[in-house]
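No value in this document is a laboratory result; all are computed from the given coordinates. Note that the coordinates shown come from a computational prediction; the quantities given were computed from them, not determined experimentally. When we count neighbours, we look across all protein chains shown, and the Cβ atoms used for this are built from the backbone with ideal geometry, even at glycine.
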Amino acid sequence: MKNAKYFLERAKKVIPGGVNSPVRAFGSVGGTPRFIKRAKGAYLYDEDENCYLDFVGSWGPMILGHSHDEVIRRVQDACQRGLSFGAATAAEVEMAELVCELVPSIELVRMVNSGTEAVMSAIRVARGFTGRDKIIKFSGCYHGHSDGLLVQAGSGVMTAGVPDSLGVPVGCTKDTLSARYNDLDSVKAHFSRCPEEIAAVIVEPVAANMGVVLPEEGFLEGLRKLCDAYGALLIFDEVITGFRLAIDGAQGYYGVTPDLTTFGKIIGGGMPVGAYGGKRQIMEMVAPLGSVYQAGTLSGNPVAMAAGMAQLTILKEHPQYYRELNEKGDRFFGNIERLLRETGHPWKVNHVGSLGCLYFTKQDVKDYESAKNSDTELFAKFHNHMLEQGIYLAPSQFEAVFLSLAHTEEMLGKVLEAITIFLQKI
Ligand SMILES: *Cc1c(COP(=O)(O)O)cnc(C)c1O
């Protein structure tokens, strides 16, 4: 902890709150954020040379585990050829072809540098295409930090206890309508009130920024039908679920096809990459083909493309990886549920495949309201306990636990033991 404290002191003098993204601060769990020096497989090593079994995985990208040899090698090769050209490259073509091949709903795709940018751009395209201004989002879903989407935006904002952000003009959110996750009636109500003004419904097909909330049966299908009935576009924000639940993301996993999809996290293999894409007719709106402007100096960066391509190619070549990962998730989260049941604790576990969340609440969690019932003080104790046991969880009740292919049954067994000890202590 000596070095963590030392770096935090230095960081606080020159970086707001000492961190470059608020979710990295330990505000809601107390204690000192760890300063990570290196990572390999399922493990993180901090500046004090402590080793942690990691369940954040850079918030999702590290589905193969950290510092995968092949990914690192491809990145090193790309670096040798130059870091950025600001011109077209073969790597971008290969990446776009791969995404279109893996995700059938995508016919044209544009690379950007983050999930925030991907969502911001997809919404601009939806508005340009439909000639409408309003969008519907769900409370508790996070779609990046652009102005119009910082309305009841889940984890980072929830944890900070700030309902919305200062600095967002009212004008920027006046076209953002909030609906309740898993509640089609709340969506219908918006459509009935303004049937010809809604450009798009944007949704996390599995909500993974208020813990993990699964879509109830019929919810995603219902959104598809409502969008079709009212001429609005359906946007799946697959920044977390893309290339995680299945190679074709949540849309493949649940069998519901959106008009536009946004990616981030896994698509960059640990480098800053986002992407948005969809039906040809819609994506033809994007400049220089069409009149929806969107650009990026470093978009499709060759080093970033190399990392993303390397990871996606490995995933494509090993279709069994998804079965393994999802079965691992079923066993792991199922074991936690069993442990809670056997020890008489009332808490809830939500999970799908390799994404899961232990909520310290007695009620089922199916939307933002029910997620907010969780006992965050108890979560803080849990987080501290796990960290002491060498297990690194996201420092918030409202984040997902991310499993990777690098987690072994033995490692997951240790986590179960650590949870058992916690349950005995409280
Ligand atoms: C992380 C996330 C974003 C934002 O991506 P950044 O790369 O952090 O800008 C958008 N949507 C979802 C669902 C996310 O989880």
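State whether segment 158-316 is rounded, prolate or oblate according to the following rule on the C-alpha gyration tensor (a ≥ b ≥ c being the square roots of its eigenvalues): a/c under 1.5 gives rounded; otherwise a/b larger than b/c gives prolate, and the remaining case gives oblate.
Working: a/c = 1.44, a/b = 1.35, b/c = 1.07.
Rounded is the answer for segment 158-316, as its axis ratio a/c remains below 1.5.
Binning all Cα-Cα separations of segment 347-411 at 10 Å, short to long from zero, yields these whole-percent fractions: 20, 51, 26, 3.
Other residues within the sphere of radius under 10 Å centred on the Cβ of residue 357, judged by their own Cβ, net out at 0 (K and R +1, D and E -1). At full extension, residue 317 and residue 377 could sit 17.2 nm farther apart than now, given 0.36 nm per residue minus the alpha carbon distance. Taking the centroid of alpha carbons for each part, segment 269-345 and segment 55-95 are 14 Å apart.
To the nearest 20 debye, what is the magnitude of the charge dipole of the chain about its Cα centre, counting +1 on the Cβ of each Lys and Arg and -1 on the Cβ of each Asp and Glu? Mind showing how you got there, number by number?
Values: 42 positive and 49 negative charges, 178 e Å.
The dipole of the chain has a size of about 860 debye.
Taking a ≥ b ≥ c as the square roots of the eigenvalues of the Cα gyration tensor, an a/c ratio of 1.5 or more together with a/b larger than b/c marks segment 277-415 as prolate.
For the chain, a Gaussian network of Cα nodes joined below 10 Å ranks 130, 376, 32 by mean-square fluctuation, and the top entry is 32.
Find which of 398, 254, 307 sits farthest along the positive direction of the dipole of the chain, computed with +1 on the beta-carbon of Lys and Arg, -1 on that of Asp and Glu, about the Cα centre. The residue sitting farthest along the positive end of the dipole is 398.
A cut-off of 5 Å between modelled amide H atoms, ignoring neighbours fewer than 5 places along the same chain, links residue 37 with 45, 46, 47.
The HN-Hα couplings worked out from phi for segment 347-353 by the Karplus form 6.51 cos²θ - 1.76 cosθ + 1.60 (θ = phi - 60°) are 6, 10, 10, 10, 7, 9, x Hz, whole numbers, x standing for Gly and Pro.
For segment 68-221, what is the Kirkwood hydrodynamic radius in Å, using each pair of distinct C-alpha atoms?
On the way: mean 1/r = 0.0556 Å⁻¹.
Over segment 68-221, the inverse of the mean reciprocal pair distance is 18.0 Å.
With θ taken as phi - 60° and the Karplus curve 6.51 cos²θ - 1.76 cosθ + 1.60 applied, the whole-hertz 3J(HN,Hα) list for segment 34-39 is 7, 9, 8, 9, 7, 8 Hz, x standing for glycine and proline. Counted as membrane-span-like here are DSSP H helices of the chain whose alpha-carbon atoms extend 20 Å or more along the helix's own axis and whose Kyte-Doolittle mean is -0.5 or above; these are 115-130, 302-317, 409-425. With R₀ set to 25 Å, the beta-carbon distance separating residue 165 from residue 14 gives a calculated FRET efficiency near 0.65. For residue 279, the aspartates and glutamates whose Cα falls under 14 Å of its own Cα, not counting residues fewer than eight places away in the same chain, are 101, 107, 259.
Under a Gaussian network description of the chain, with springs only between Cα atoms under 10 Å, the residue in 292, 125, 170 that fluctuates furthest is 170.
Loop only per DSSP, at most 11 neighbouring Cβ atoms within 10 Å: give me the GluC sites (Glu not before Pro) in segment 237-337, ordered by residue number. Don't jump to the answer; show the numbers that get you there.
Values: sites: 238, 284, 317, 324, 327, 337; in loops: 238, 284.
In loop regions of segment 237-337 (DSSP not H, G, I, E or B), there are no sparsely surrounded GluC sites (Glu not before Pro).
With the simple model of a label 7 Å out from the Cα in the direction of the Cβ, residue 83 to residue 385 spans 4.5 nm. Annotation: amide H of residue 391 within the under-5 Å range of 53, sequence separation 5 or more or interchain, hydrogens built in the peptide plane. What percentage of all Cα-Cα pairs in the chain are separated by more than 28 Å? That fraction is 48 percent. Taking amide H as placed 1.01 Å from N in the peptide plane, the amide H of residue 352 sits under 5 Å from none that are at least 5 places away or on another chain.
In sequence order, segment 131-144 has phi-based couplings of x, 10, 9, 7, 10, 10, 10, 9, 4, x, 8, 10, 10, x Hz under the Karplus curve 6.51 cos²θ - 1.76 cosθ + 1.60, θ = phi - 60°, and Gly or Pro positions carry x. Take the chain and mark each of the trypsin sites (Lys or Arg not before Pro) that is in a DSSP loop with at most 12 other Cβ atoms within 10 Å; the longest unmarked stretch, sites excluded, is 175-361.
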